Structure formats: C-alpha cells, structure tokens
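The values are calculated or read from the model by the stated rules, or taken from the named source; none is laboratory data. Given the structure is predicted, the values throughout are model-derived calculations rather than measurements. With ideal geometry, Cβ positions are generated from the backbone for all residues, glycine too; neighbour counts draw on all protein chains shown.
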C-alpha cells in the first residue's frame, strides 16, 4: 500500500469558554467540540524523499507555512525512515471559517502516514504529535465529541450524542483566530459550563450553546447575529457561531427540518451546508486504539 485517501471532517464548538490568559501567553479555554459530516478529502502517498503539498484551493499555502506540511514533517521524523510524503487536498470545508478544516487535514495526514509508514502509533500518541502542530489537531483523534481544556490540547473523549443534524452557514469571508483572541475583552466573557453541557440531551444542549469569541467577531460582523436569528426563525433548536467564526451553525433534530431550513435560507449569498453530527470518527480505522 503506497497511497491512502482519508476524509477529514469539520468540527463545531457546542460550547467555547475563555477562562483567562495564561502565563505562557495563550488563553485557558474549555470547549465542547463535535465532528460534523462536512469533509475535505486528503490523499497521502509515499513518494521518494521530502514533502510536497498540493491543494485545489489556491488560498491554501503549499510549503512550510501549511499546517499539513508540518504534520507530514512531524510523522516522518517519528518514523525514522528515509521515505517522503506527497499530500493532495481537495477542499470542501471553508478556509479560516471556525470549522477546524486545516487542523482536520493535518490530523488526516498523521493518521494516513501512520498507516503507510507502519509507525504503529495509537490515537493518544498521534494526538500528542498533533498538539505540537496546532491546538485543535488532537481533537480529531478524540472525537466525534470531546471536552477540550487547557489551551485546547487536553482532551476528554466523550460518549457520542444521539444523532442530530447541523446546518452550517458561512457568510463568505475569513476571520483570523489570532485577531479574535487579540481583541477579546475577558470582562465580557460569560464562561459557559462546557463540562455540564456535555452531559445533557441534544435539545437541551441546543438551548445552551455558548461561544465567548462572539463578543469580538459578531461585534465586527453583524451578519453573524443575522444568520443566528435566521436559523432560529427557520426552526433551529439553537444557533451559535463556531470557533472564531465566521461560520454559524444551527441544530436540528431531524434531516427534514435541517434541509427545509437550508432551502429557506438560500438566496442570501451565504454558503450553506446541511450535515449530520457524526457518531463515529472517520480517522479511527487508521491507528491502534
């Protein structure tokens, strides 16, 4: 086997609380993260020596500035071999959208290369490598739902929720996570209890969605609030921005309601994706338990 193609899922934040600033300059966070069925397609192949990364989205950098390139470098270093890796990415998840697309792609590279190179790493070891690349990467080895703490790298894998649907609505522009945190006023955060929310049923979670980063992103981009209101008006049980935005998601208990809302929100110039919340991670088959 010289090549593998892996589906790299998006994530949403059912809860995102910023608890304070750490001495190391990062923020202390608590997040409830959930994988959803919107996927990039990541193909990893053994290839001579060195690393190449190509993507069908020209906004994704091809070299060392790409988190996927860093993932390939990290797993090659761990394998101790002389092989190279060629990575091809077919992008579907919007870039810089609060959906973790880059982190998921990096996790997919780690998982696929682990299989191709025969390194035999388990999910905790892969998550440990992922934490050196980006704070969201470890989540993709602990899904489909997990509680994240610390800088986001301390993960508690949780039992999957009952099946539900999510309508992702992206207004068509990018936001910078670094910019959001730089402009975050901790006096305006409310610190939702993500750990407690994780123990609730889907409908109760939907009514208690929380994201402290909205105090920055929605204040600058009022369209985020308009999208949330539109989702609620079209039957969502709850709606909130994911990550640092600008993507907003609504929670629906069934597919019909989700797709009806998607039809109702079409025509606004937004990118709309009706997807299932995942009950299993697509990366599970590429590593030992």
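Return a yes/no flag: does the range 96-112 have any residue that is assigned to a loop (DSSP other than H, G, I, E, B), surrounded by fewer than 19 Cβ atoms within 10 Å (Cβ to Cβ) and touching a residue at least 40 places away in the same chain (Cβ under 8 Å).
Within the range 96-112, the subset assigned to a loop (DSSP other than H, G, I, E, B) is 96-100.
Keeping just the survivors that are surrounded by fewer than 19 Cβ atoms within 10 Å (Cβ to Cβ) gives 96.
Right, trim to touching a residue at least 40 places away in the same chain (Cβ under 8 Å) and you get 96.
Yes, the range 96-112 contains at least one residue that is assigned to a loop (DSSP other than H, G, I, E, B), surrounded by fewer than 19 Cβ atoms within 10 Å (Cβ to Cβ) and touching a residue at least 40 places away in the same chain (Cβ under 8 Å).
Among the residues of the range 39-54, are any touching a strand residue (DSSP E or B) at 6+ places or on another chain (Cβ under 9 Å), in the same structural domain as residue 125 (by TED's automatic domain parsing) and closer than 22 Å to residue 124 by Cα? Break it down into steps so the answer makes sense when it comes.
Applying the first criterion (touching a strand residue (DSSP E or B) at 6+ places or on another chain (Cβ under 9 Å)) to the range 39-54 yields 39-48, 50-54.
With the extra rule that they be in the same structural domain as residue 125 (by TED's automatic domain parsing), the set shrinks to 39-48, 50-54.
Still in the running and closer than 22 Å to residue 124 by Cα: 42, 44.
Within the range 39-54, one or more residues are touching a strand residue (DSSP E or B) at 6+ places or on another chain (Cβ under 9 Å), in the same structural domain as residue 125 (by TED's automatic domain parsing) and closer than 22 Å to residue 124 by Cα.
Name every residue in the range 124-141 that is buried (at least 24 other Cβ atoms within 10 Å of the Cβ) and either without any contact (Cβ under 8 Å) to a residue 40 or more places away in the chain or not assigned by TED's automatic domain parsing to the domain that holds residue 17 (or both), in order of residue number.
Hit for the range 124-141 is 138, nothing else.
If residue 58 passes every condition in (1) modelled with pLDDT of 95 or more; (2) out of contact with any strand residue (DSSP E or B) (no Cβ under 8 Å at 6 or more places or on another chain); (3) surrounded by fewer than 20 Cβ atoms within 10 Å (Cβ to Cβ) but one, which one does it miss?
Failed condition: (1).
From the list 224, 205, 197, pick out the single residue that is under 22 Å from residue 34 (Cα atoms), assigned by TED's automatic domain parsing to the domain that holds residue 269 and modelled with pLDDT under 90. Explain how you work it out, then say what you get.
On the way: 224 fails: modelled with pLDDT under 90; 205 fails: modelled with pLDDT under 90.
Among 224, 205, 197, only 197 is under 22 Å from residue 34 (Cα atoms), assigned by TED's automatic domain parsing to the domain that holds residue 269 and modelled with pLDDT under 90.
Kindly provide the set of residues from the range 51-64 that are in a loop (DSSP other than H, G, I, E, B), in contact with a helix residue (DSSP H, G or I) (Cβ under 9 Å, 6 or more places away or on another chain) and touching a residue at least 12 places away in the same chain (Cβ under 8 Å), ordered by number.
Of all residues in the range 51-64, those in a loop (DSSP other than H, G, I, E, B) come to 56-64.
Filter again for in contact with a helix residue (DSSP H, G or I) (Cβ under 9 Å, 6 or more places away or on another chain), leaving 60-64.
Selection gives 60 alone.
Tell me whether the range 185-200 contains one or more residues that are touching a helix residue (DSSP H, G or I) at 6+ places or on another chain (Cβ under 6 Å), farther than 16 Å from residue 277 by Cβ and surrounded by fewer than 20 Cβ atoms within 10 Å (Cβ to Cβ).
Our first condition is that a residue be touching a helix residue (DSSP H, G or I) at 6+ places or on another chain (Cβ under 6 Å); within the range 185-200, this holds for 188, 197.
After this cut, where a residue has to be farther than 16 Å from residue 277 by Cβ as well, the list is 188.
Next, only the ones that are surrounded by fewer than 20 Cβ atoms within 10 Å (Cβ to Cβ) stay: 188.
Yes - at least one qualifying residue is present in the range 185-200.
Applying the selection to the range 72-82, what residues are touching a residue at least 24 places away in the same chain (Cβ under 8 Å) and loosely packed, with under 15 Cβ neighbours inside 10 Å? Please lay out each step first, then the result.
In the first step, residues of the range 72-82 are kept if they are touching a residue at least 24 places away in the same chain (Cβ under 8 Å); the result is 72, 74-76, 78-79, 81-82.
81, 82, listed by residue number.
Would you list the helices (runs of 4 or more DSSP H) that sit entirely within the range 180-289 and hold 1 or more residues that are in contact (Cβ under 8 Å) with a residue 60 or more places away in the chain?
Details: elements: 194-197, 202-206, 214-220, 223-233, 255-265.
By residue number, 194-197, 202-206, 223-233, 255-265.
Among the candidates 267, 235, 250, which residue alone is over 21 Å from residue 9 (Cβ atoms) and touching a strand residue (DSSP E or B) at 6+ places or on another chain (Cβ under 9 Å)? Reasoning before the result, please.
Values: 267 fails: touching a strand residue (DSSP E or B) at 6+ places or on another chain (Cβ under 9 Å); 250 fails: over 21 Å from residue 9 (Cβ atoms).
Within the list 267, 235, 250, the selection yields 235.
Tell me which of these residue 80 doesn't satisfy, since it passes every other one: (1) more than 13 Å from residue 133 (Cα to Cα); (2) at pLDDT 95 or above; (3) out of contact with any strand residue (DSSP E or B) (no Cβ under 7 Å at 6 or more places or on another chain).
(2)
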